Amino acid sequence: MLDVDFVRKQFPAFSEPSLEGQAFFENAGGSYTCGQVINRLTRFYTQRKVQPYAPYQASELAGAEMDESRARLAAMLGVETDEVSFGPSTTQNTYVLAQAFRKWMDPGDAIIVTNQDHEANTGPWRRLAEDGIEVREWKIDPETGHLNPEHLSDLLDDRVRLVCFPHCSNVVGEINPVGEIAALAHAAGAFVCVDGVSYAPHGLPDVGALGPDIYLFSAYKTYGPHQGVMVIRRNLGMLLPNQAHYFNADVLYKRFTPAGPDHAQVAACAGMVDYAEALAAHHGVLGETTAATGAAVHDLMRAHETALLQPVLDYVQSRNSVRLIGPSEAEKRAPTVTIAANVPGEELAANLADHGVMAGGGDFYANRALEAQKVDMDKGVLRVSFVHYTTQGEVDQLLNALEAVL
């Protein structure tokens, strides 16, 4: 069982008087930051805010912290150290990648995208059509939002160079079988790009074991600073044309970061691993490897979240006046619950705020997924999302608030 009291002690937000009594249910938009990250960020800004990698102590320490962050995060993700790079956001990282593929692919080559994605992992790829690249859409089921791997097989042939899809959608919530999909794509000779932004907050995955060639997520949703984190495996990363300064072309983690990274935030990302290891140590599940520790923490988080999620799904399903987007079984999805109603989502979110529940309404940059499921885009949806630091009491507060506003 997850010790939620211990968890919440790691997050300064839960000791903040101005947030007292407010149940946070917009974690899919960004999570609270753990103390380990805040401490590292503060130390960097107060002691090491200099140009890193110069031959004086403050600079050497700054560079060492940045290197530590990359190495430890890569180890938890099950990949090599130089296969992890940082950028200002996942949207920006994806855009840079798309420009690399634009130069590498030939007219008549094809890519596959979905209409389940956040726009960040579909829009930049679709624009490659401007250069004669064929864009094939892997469509969701309009009733369930489900992506069927059998339908992907129908789209694959020897012209497909890349398959892009989400680990889970930020509105549908269903967890897609990354390993199975990656195997299908690789068998057809295609590379795989996975948007992990909506999945990673629920436990960092072992990317090496799952098998995608690219895996992207946002550190500010995994209890860290506002950075985009990208894994790109070496065989693909060195094949694509360099997007950075020419003299950085031989350094994998620099090839797709044309602007210099935010040094302090890169260094602070090690705090995410500090937190995961503290959680594992407290629960007695430290693994023999960092990846094993990450897997144990992932399972702790998922078990807690799944137990809290099912009553929320059951409640929404019981309301005839609203529609649940995505699966009704907690084991199949992330705790991101999207609700379509006859009332605008933003209005419902504002009403929930009167009951001390922080949630969001709108389209969440998932217009294609919502439109495919015939959601009234003038109204949008209400989204309530949580992570492992959420308590049973907060879920009860949410359910009472939903009963009042619906």
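The values are calculated or read from the model by the stated rules, or taken from the named source; none is laboratory data. For clarity, every value in this text was computed on a predicted model and none was experimentally measured. Cβ: placed from backbone, ideal geometry, glycine included. Neighbour counts: every protein chain shown. Ligands, DNA and RNA are excluded from the accessible area calculation, which covers all protein heavy atoms including side chains. Shrake-Rupley method; radii C 1.70, N 1.55, O 1.52, S 1.80 Å.
Does residue 15 satisfy the criteria of being surrounded by fewer than 22 Cβ atoms within 10 Å (Cβ to Cβ), touching a His at 6+ places or on another chain (Cβ under 8 Å) and either outside the structural domain of residue 148 (by the TED database) or in contact (Cβ under 8 Å) with a residue 12 or more places away in the chain (or both)?
No.
When you check residue 255 against the structure, is it more than 21 Å from the chain's Cα centre (by Cα), within 24 Å of residue 292 (Cβ to Cβ), in the same structural domain as residue 54 (by the TED database) and charged (D, E, K, R), yes or no?
No, not satisfied.
Any chance region 296-316 includes a residue that's open to solvent by less than 50 Å² (accessible area, probe 1.4 Å), at pLDDT 95 or above, small (Gly, Ala, Ser) and not assigned by the TED database to the domain that holds residue 100?
Yes, some residue in region 296-316 is open to solvent by less than 50 Å² (accessible area, probe 1.4 Å), at pLDDT 95 or above, small (Gly, Ala, Ser) and not assigned by the TED database to the domain that holds residue 100.
Examine region 281-294 for a residue that is open to solvent by less than 20 Å² (accessible area, probe 1.4 Å), closer than 30 Å to residue 383 by Cβ and modelled with pLDDT of 95 or more, and state whether such a residue exists.
Checked region 281-294: at least one residue is open to solvent by less than 20 Å² (accessible area, probe 1.4 Å), closer than 30 Å to residue 383 by Cβ and modelled with pLDDT of 95 or more.
What number goes with the only condition from (1) closer than 30 Å to residue 69 by Cα; (2) modelled with pLDDT of 95 or more; (3) crowded, with 22+ Cβ neighbours inside 10 Å; (4) of a type in the set (S, T, N, Q) that residue 99 does not pass?
(3)
Here are 48, 8: which of them is outside the structural domain of residue 245 (by the TED database) and open to solvent by 20 Å² or more (accessible area, probe 1.4 Å)?
After applying the criteria, what remains is 8.
Just name the residue that is surrounded by the most Cβ atoms within 10 Å (Cβ to Cβ) out of those in region 147-184 that are over 17 Å from the mean Cα position of the chain (by Cα) and touching a residue at least 60 places away in the same chain (Cβ under 8 Å).
162
For residue 143, indicate whether it is part of a loop (DSSP other than H, G, I, E, B), of a type outside the set (Gly, Ala, Ser) and open to solvent by 10 Å² or more (accessible area, probe 1.4 Å).
yes
Do you know which residues across region 110-145 are more than 19 Å from residue 182 (Cβ to Cβ) and among the polar types (S, T, N, Q)?
Within region 110-145, 115, 144 qualify.
Sort out for me the helices (runs of 4 or more DSSP H) sitting completely within region 311-406 that have 1 or more residues that are more than 20 Å from residue 143 (Cβ to Cβ).
The qualifying helices (runs of 4 or more DSSP H) are 345-353, 392-405.
Could you check region 110-140 and list, in sequence order, the residues that are open to solvent by 20 Å² or more (accessible area, probe 1.4 Å) and acidic (Asp, Glu)?
119, 130, 131, 134, 137
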